[in-house]
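Comments concern the structure below.
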Amino acid sequence: MVFHVYEDAKSACEAGAVLMAAEILKRDDCVLGLATGSTPIPTYEKLVSMYQAGILDFSNVRSFNLDEYVGIDYANPVSYHAFMNENLFSKVNMKQENIHLPDGCTDEDGARYDKAIREAGGVDIQLLGIGRNGHIGFNEPCDCFPIGTHVVTLTESTIQANARFFSSADEVPRKAISMGIGNIMSARAVLLIATGADKADAVYRTICGPVTPQVPASVLQLHPCCTILLDKAAASKLG
Ligand code: PGA
């Protein structure tokens, strides 16, 4: 695990775009693992600007998103489908058939998603944000590390954290479907970006604490190729 600390959030996020761009330049049909949330928005903006400048071509790039709410209308602007369209897919030349997000409508959907990832040859680089409780994707603190894509019941802290995107906390869906820790650990490279003082504790426990499913991101200490990009505020407890 390596980590880099940047002066501000924008620089940390843009460094993340550079790492993802390098994957696309190495292999034009690379498989990106994508994340939603506020954190990676500047990363997507930078990727879009590199596409617009003619530096990157997304025509053969394939992608698998980490997660999605269950039971949400994908046209709803707070769905992760809508987020990805808004921030990346509608702005680069990715082909619709190369874009994948999990769907939690039936019990078999998780296994089907895992099979699709395997058939694509696995994820080359998995982008991650982190929750204040150390979650990655919707893998919340619990007693064991979930392996494959699965339906989860959101914790109260995640519902409250995500309520800012809805008109009230009551409207936040109670369930989501998420890649498991096994999926994330199977990616050939992992890129976690954390910015802001409210992530400092989770970052400290991820990097310096014991590996425990109570801090899901701590498992990344065991990944052979994990890069963590931080702004000064998120790194403030690292000493
Ligand atoms: P955020 O979410 O980027 O909106 O803070 C990250 C996460 O909860 O994984």
For the pair Met1 and Ile41, the simple spin-label estimate (label points 7 Å beyond Cα toward Cβ) gives in nm 2.8
About its Cα centre, the chain carries a charge dipole, from +1 on Lys and Arg Cβ atoms and -1 on Asp and Glu Cβ atoms, whose size in debye to the nearest 20 is 540
For Lys26 the rounded accessible area (nearest 10 Å², probe 1.4 Å, non-protein molecules ignored) is 150
Taking every DSSP bridge whose two residues both lie in the chain, the antiparallel percent to the nearest 5 is 30
accessible surface per residue for segment 2-231, probe 1.4 Å, DNA/RNA/ligands not counted, whole Å² -> 43
Cα-based Rg and Dmax for segment 1-123, in Å, come out at 14.8, 44
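On full extension of the chain, what length is gained from Thr153 through Ala21, given 0.36 nm per residue of separation minus the C-alpha to C-alpha distance? Write out the running numbers ahead of the final one.
Details: separation 132, 0.36 × 132 = 47.52 nm, distance 3.38 nm.
Once the chain is fully extended between Thr153 and Ala21, it gains 44.1 nm.
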Carbon and sulfur atoms account, in whole percent of the 1.4 Å probe accessible area of the chain, for 54
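Rounding to the nearest 20 debye, state how big the charge dipole of segment 85-124 is about its Cα centre with +1 on each Lys and Arg Cβ and -1 on each Asp and Glu Cβ.
Working: 5 positive and 9 negative charges, 46 e Å.
Value, rounded to 20: 220 debye.
Go through Lys46/Lys232; Lys115/Lys199; Lys26/Lys199 and tell me which ones have a Cα-Cα distance over 27 Å in this structure. Write down the numbers at each step before the final one.
Values: Lys46/Lys232 20 Å; Lys115/Lys199 33 Å; Lys26/Lys199 32 Å.
From Lys46/Lys232; Lys115/Lys199; Lys26/Lys199, over 27 Å: Lys115/Lys199; Lys26/Lys199.
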Heavy-atom accessible area of Asp114, protein chains in place, probe 1.4 angstrom, given in Å² to nearest 10, is 30
Among Val31, Ala163, Asn76, the residue whose Cα sits farthest towards the positive end of the charge dipole of segment 2-231, when +1 is placed on the Cβ of each Lys and Arg and -1 on the Cβ of each Asp and Glu, is Val31
Under 15 Å by backbone N from the virtual spin label 7 Å along Cα-to-Cβ at Ser167, the residues of segment 69-97 are 76-78
A correct Karplus calculation of ³J(HN,Hα) over segment 179-194, with 6.51 cos²θ - 1.76 cosθ + 1.60, θ = phi - 60°, whole Hz and x for Gly and Pro, returns 3, x, 5, x, 4, 5, 5, 7, 5, 5, 9, 10, 10, 9, 10, 9
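Find, among the GluC sites (Glu not before Pro) in segment 106-181, those assigned to loop by DSSP (not H, G, I, E, B) with at most 12 other beta-carbon atoms within 10 angstrom. It would help to have the intermediate numbers written out before the result.
Details: sites: Glu108, Glu119, Glu156, Glu171; in loops: Glu108.
When the GluC sites (Glu not before Pro) of segment 106-181 are filtered for loop state and at most 12 Cβ neighbours within 10 Å, Glu108 remain.
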With the charge dipole of segment 91-239 built from beta-carbon charges (+1 for Lys and Arg, -1 for Asp and Glu) about the Cα centre, the Cα from Asn133, Ile147, Val172 projecting farthest to the positive end belongs to Asn133
By accessible area (1.4 Å), largest first, Tyr44, Tyr6 order as Tyr6, Tyr44
For Arg164, the accessible surface traced by a 1.4 Å probe with all protein chains present amounts, in square angstrom to the nearest 10, to 150
Computed on Cα atoms, the radius of gyration and Dmax of the chain in angstrom are 16.5, 47
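Using 0.36 nm per residue of separation minus the Cα-Cα distance, give me the extension gain between Asp143 and Asn60 in nm, one decimal. All intermediate terms of the calculation are to be shown ahead of the outcome.
Values: separation 83, 0.36 × 83 = 29.88 nm, distance 3.91 nm.
Taking Asp143 through Asn60 to full extension adds about 26.0 nm, to one decimal.
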Distance in Å, no decimals, from the C-alpha centre of segment 90-150 to the one of segment 22-51 is 16
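The values are calculated or read from the model by the stated rules, or taken from the named source; none is laboratory data. Given the structure is predicted, the values throughout are model-derived calculations rather than measurements. Heads up, the Cβs are rebuilt from the backbone with ideal geometry, glycines too, and the neighbour counts pull from every protein chain shown. The area values use the complete protein model at the heavy-atom level, side chains included, leaving out ligands, DNA and RNA. Shrake-Rupley method; radii C 1.70, N 1.55, O 1.52, S 1.80 Å.
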